[in-house]
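Following: one structure in structure tokens, then a few remarks.
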Amino acid sequence: MYNLRRLPPTELLVAFEAVARYGQVSSAARDLSLTQGAVSKQIRALEDRLQVALFERHPRGLVLTVAGRELLETVRPLLHELGATLSRLEAGRDQPVVSIIATQAVAHYWLFNRLVQFNRVHPEIMVHIHASNAIDEYSVIEHDFGILYGAGNWGGLEAAPLFAERIRPIAASDFDLPPVHKVEDLTGLPLIQLDSRAWNCLDWPSWFRHFGVDYAPPGKALTLNQVTLTLNAAQEGLGVALGWEFMIGDLLASGALVPVGEFVFETGFHDYLVHSRARTLSPAARLFRNWLRETCSS
């Protein structure tokens with residue numbers, strides 16, 4: 001067992017994580033509000049202490065060695081957890097506050113309404129929502145909970161499924177549509193394209209492929225890079241969009257949108273309520289988790 005008295009000072013580990021994140025000392029120094037010389041000295045001190053090289057020096061920047069990657073995998077989540085704990089202590093840990101991070105779409109179309117319901121039942125608990133499309137396993141550690149999309153296999157997180165991913169074509173209720181009897185009928189409609197190259201999301205070619213139909217978007221098709229934008233475009237009557245059921249439920253119920261055909265692709269992925277395995281949840285967080293899971297199962 002490692003002697004805890006031999007642990008490197010925290011500032012050395014913070015400097016190491018920052019340099020690993022940016023791949024260069026200058027950017028890490030700006031992030032830490034230190035000089036480049038100070039950060040370089042901290043990295044050398046950590047390498048001397050461990051008697052191992054953590055970075056390979058290249059003309060274009062620094063690259064982690066095998067030992068550096070191994071250290072980063074351990075240090076990064078621990079620093080995030082430490083920072084989150086200190087923030088909670090500074091804010092008053094006994095206050096009934098719960099924080100949750102989710103994508104902008106999930107926060108707006110799915111979580112917010114449930115938060116309103118929860119607040120009616122438990123007005124004594126304040127829930128803070130942080131909406132960010134940059135959410136990942138590591139950013140979740142900074143909050144009590146996160147809502148992550150995927151297969152549920154995040155090693156450092158406890159994960160409970162909230163809702164399945166189901167995607168169907170939708171359009172404005174007053175949009176002039178011909179009869180749609182089979183999937184192929186959709187290919188001739190004005191389809192609002194989703195450019196999802198920068199993130200993990202289904203587009204029209206992938207959706208058609210599930211039904212065994214080859215499809216290539218026309219060159220002049222309306223193309224947007226966010227699911228929320230394609231949904232807004234459909235509501236404005238600009239064409240047919242892919243609709244994620246967690247986003248469109250209320251709009252379908254109100255009649256603002258209508259399904260185009262009866263074709264639904266259930267991908268097998270889910271959105272999960274997740275939290276760090278290393279964290280002991282507060283009573284308020286446990287109450288919120290149980291309430292949210294119960295509302296999803298009812």
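The values are calculated or read from the model by the stated rules, or taken from the named source; none is laboratory data. None of these values were measured; they are calculated from a predicted model. We place every Cβ from the backbone using ideal geometry, glycine too, and count neighbours over all the protein chains shown.
Given the condition over 30 Å from residue 284 (Cα atoms), among the hydroxyl-bearing types (Ser, Thr, Tyr) and in contact with a Phe, Trp or Tyr (Cβ under 9 Å, 6 or more places away or on another chain), answer yes or no: does some residue in region 149-163 qualify? Explain how you work it out, then say what you get.
Narrowing region 149-163 to residues over 30 Å from residue 284 (Cα atoms): none.
No, that holds for no residue.
Kindly indicate the residue of region 187-206 that is in contact (Cβ under 8 Å) with a residue 40 or more places away in the chain and buried (at least 20 other Cβ atoms within 10 Å of the Cβ) and also farthest from the chain's Cα centre (by Cα) among those meeting that condition.
The initial filter retains those residues of region 187-206 that are in contact (Cβ under 8 Å) with a residue 40 or more places away in the chain, namely 189-192, 194, 199-200, 202.
Within this subset, residues satisfying the condition of being buried (at least 20 other Cβ atoms within 10 Å of the Cβ) are 191-192, 194.
Working: 191: 27, 192: 24, 194: 18 Å.
Residue satisfying both the conditions and the ranking: 191.
Would you call residue 98 modelled with pLDDT of 90 or more, at negative phi and not in a helix (DSSP H, G or I)?
Details: modelled with pLDDT of 90 or more: yes; at negative phi: yes; not in a helix (DSSP H, G or I): yes.
For residue 98, the condition - modelled with pLDDT of 90 or more, at negative phi and not in a helix (DSSP H, G or I) - is met.
Could you please find all residues in region 174-198 being closer than 15 Å to residue 243 by Cβ, touching a helix residue (DSSP H, G or I) at 6+ places or on another chain (Cβ under 9 Å) and modelled with pLDDT of 90 or more?
Just the residues of region 174-198 that are closer than 15 Å to residue 243 by Cβ, to begin with: 175, 177, 180, 186, 189, 191-194, 196.
Now restrict to residues that are touching a helix residue (DSSP H, G or I) at 6+ places or on another chain (Cβ under 9 Å): 175, 180, 186, 191-194, 196.
Hits for region 174-198 are 175, 180, 186, 191, 192, 193, 194.
Just for region 268-298: of the residues that are surrounded by 15 or more Cβ atoms within 10 Å (Cβ to Cβ) and polar (S, T, N, Q), which one is farthest from residue 102 (Cα to Cα)?
Per the criteria, the residue is 282.
Within region 15-30, does at least one residue satisfy the condition of being out of contact with any Gly (no Cβ under 9 Å at 6 or more places or on another chain), more than 18 Å from residue 65 (Cα to Cα), modelled with pLDDT under 90 and assigned to a loop (DSSP other than H, G, I, E, B)?
No: region 15-30 contains no residue that is out of contact with any Gly (no Cβ under 9 Å at 6 or more places or on another chain), more than 18 Å from residue 65 (Cα to Cα), modelled with pLDDT under 90 and assigned to a loop (DSSP other than H, G, I, E, B).
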